[in-house]
1. Keeping the other protein chains in place, figure out the carbon and sulfur percent of the accessible area of the chain, with a 1.4 Å probe.
2. Please compute the length gained on full extension between Ala158 and Arg183, using 0.36 nm multiplied by the number of residues separating them and subtracting their Cα-Cα distance.
3. Taking Cα centroids, how far is segment 45-78 from segment 139-199 in Å?
4. Please work out whether segment 144-234 counts as rounded, prolate or oblate from its C-alpha gyration tensor, where a ≥ b ≥ c are the square roots of the eigenvalues and a/c under 1.5 means rounded, while otherwise a/b larger than b/c means prolate and anything else oblate?
5. Report the net charge of residues surrounding Ala79, where surrounding means a beta-carbon distance below 15 angstrom and charges are Lys +1, Arg +1, Asp -1, Glu -1.
6. Divide by every residue of the chain the summed helix terms, -39500 (n - 2.57) for each DSSP H run of at least 4, and state the resulting mean residue ellipticity at 222 nm, rounded to the nearest 500 deg cm²/dmol.
7. Heavy-atom accessible area of Asp49 with all protein chains present, probe 1.4 Å, nearest 10 Å²?
Amino acid sequence: MDRYAVIGNPIAHSKSPQIHAAFARQTGQALRYEALLAPVDGFAPAVADFRAHGGRGMNVTVPFKLEAFALAERHTPRAQAAGAVNTLAFGADGILGDNTDGAGLVRDLTTNLDFALAGRRILLLGAGGATRGVLLPLLDSRPASLTIANRTVAKAQALAALFTPHAGRAQVDACGFDALAGRRFDLVINATAASLAGELPPLPPGLYAEGALAYDMMYGRGHTPFMRAALADGAARVADGLGMLVEQAAESFALWRGVRPDTAAPLAELRRQIDAG
Ligand code: ATR
């Protein structure tokens, strides 16, 4: 049977095995998908071992996405832009590195949340790997503008500079949180690690335009602190990142197997489990 795995450290709480098992059942694909714990200094040998034992592909999570990029022999344009890889595909022609995070986010926004991105003013909070991973697919969705705001302004500027303006594509601008005062956005995405420390990015009030959506890449039981703060500041709608998690998995599955699974039922099941605690 074809083998797949998610590799990371830690990995015990990964939901990917459950998600991919549901996809496999639903599409009638015969495959096995497991969670693989690699030592922090043992990523490449763990991948080689998995590949030598029938591995066809892997999802890659913290802290290995940069090493996966280095290991891949070819990259999709979106992995190239992300500078990080969350999906490896092993073929006769070597290791392909892809990054499905941004496509997963865009699909969650446009399909699950019915939020069209074209012509919208988008604000991305944070300038780390999570932000870089989604920039190209967001830009390809033709927003009116895309702003990166970060605590360390230089990091936001460096990210924005990676994306030189294309004809018909919005220019990426960068600033600190204070400089957002007086501006309004249709979509605000929290890609900072602030909530891991129980903190919130210090945002000026009044950021949300009429009908605006606040999206937190984090997820958990009930609303995240960012979602609660956004509602208090006038966001019309809020969403967490559970849909992005399921959609990036579907995108990986489609790359490996050539069939796109339906995400509605696996997403609803995960939501039920999380809400049940
Ligand atoms: P990831 O790869 O998950 O994006 P990262 O590269 O460590 O992680 O980036 C974390 C992001 O969260 C950064 O943008 C960081 O801001 P700095 O670049 O100024 O460090 C942001 N971040 C972390 N803690 C934060 C906090 N308490 N308030 C605001 N931003 C925070």
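The values are calculated or read from the model by the stated rules, or taken from the named source; none is laboratory data. Being a predicted model, the structure only gives us computed values, none of them experimental. Here Cβ is always computed from backbone atoms with ideal geometry, including for glycine, and neighbour counts include all displayed protein chains. Surface accessibility is based on the protein's heavy atoms, side chains included, excluding ligands, DNA and RNA. Shrake-Rupley method; radii C 1.70, N 1.55, O 1.52, S 1.80 Å.
1. 54 percent
2. Using 0.36 nm per residue and subtracting the Cα-Cα distance, I get 6.8 nm.
3. If you average the Cα positions of each part, the centres end up 29 Å apart.
4. prolate
5. -2
6. Estimated from H runs of four or more residues: -10500 deg cm²/dmol.
7. 90 Å²
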